[in-house]
Amino acid sequence: CHELHLWLDCDREGEAIGFEVVDVCKRANPRLQIRRARFSALIPRDIFHALANLVPPDQRLADAVSARSEIDLRLGAAFTRFQTLTLQDQYEGLDGLLSYGPCQFPTMWFVVQRAARIDAFVREPFYAIEVEHRKALGAPLGSEAE
């Protein structure tokens, strides 16, 4: 193989994953030519356009993901320590670590919303129809024989 075409999500995370793939593949073949498909829909026109207009992967987009990840990690560690030390002795039952992470709050929203939907679920009757048909031995398909 002398060429690798990356077909990943066309966002920063897709670009970062692409560079992880490039790192692995370049170890196996340092002379590998790498190109990236840019597309926004999985329809023939967009796919053919992406294939005809391959571009080099954008290291800046991958670096932006790495920077955001590093900032999230450092902010999470610093704020976890801050809120743990500040709030731990203020309220009964807050023993141990009080974790913070920029992705935890939106994720918790999804979890809470799902729990609320489950709690609000009202069981309804469910009906299933079962059909059994026996045909007389040797009767042709579509025959009226029982």
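The values are calculated or read from the model by the stated rules, or taken from the named source; none is laboratory data. Everything quoted here is computed from the prediction, not taken from an experiment. Note that each Cβ is placed from the backbone with ideal geometry, even for glycine, and that neighbours are counted across all protein chains shown. Accessible surface is based on the protein model in full, side chains and every heavy atom, while ligands, DNA and RNA are left aside. Shrake-Rupley method; radii C 1.70, N 1.55, O 1.52, S 1.80 Å.
Would you list L87, L54, L73 from the most to the least accessible area, probe 1.4 Å?
Working: L87 60, L54 30, L73 115 Å².
Sorted by accessible area, descending: L73, L87, L54.
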Legend entry - Rounded, prolate or oblate (a/c below 1.5 giving rounded, otherwise prolate when a/b exceeds b/c) for region 53-128 by Cα gyration tensor: oblate
Legend entry - Amide proton proximity set for R36, modelled H, under 5 Å, gap of 5+: L6, V55
Inset, instruction - Let me have the 222 nm mean residue ellipticity of the chain computed from DSSP H runs of 4+ only, each contributing -39500 (n - 2.57), with the sum over all residues rounded to the nearest 500. - result: -16500 deg cm²/dmol
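Name the shape class, rounded, prolate or oblate, that the alpha-carbon gyration tensor gives for the chain, where a ≥ b ≥ c are the square roots of its eigenvalues, rounded holds for a/c under 1.5, and otherwise prolate holds if a/b is larger than b/c and oblate otherwise. Let's see the in-between values first.
Details: a/c = 3.42, a/b = 1.23, b/c = 2.79.
Oblate shape, in that a/c is at least 1.5 and b/c is the bigger or equal ratio.
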Inset, instruction - In nm, give the distance between the simple-model label positions of R45 and A120, each being 7 Å from the Cα along the Cα-to-Cβ direction. - result: 3.9 nm
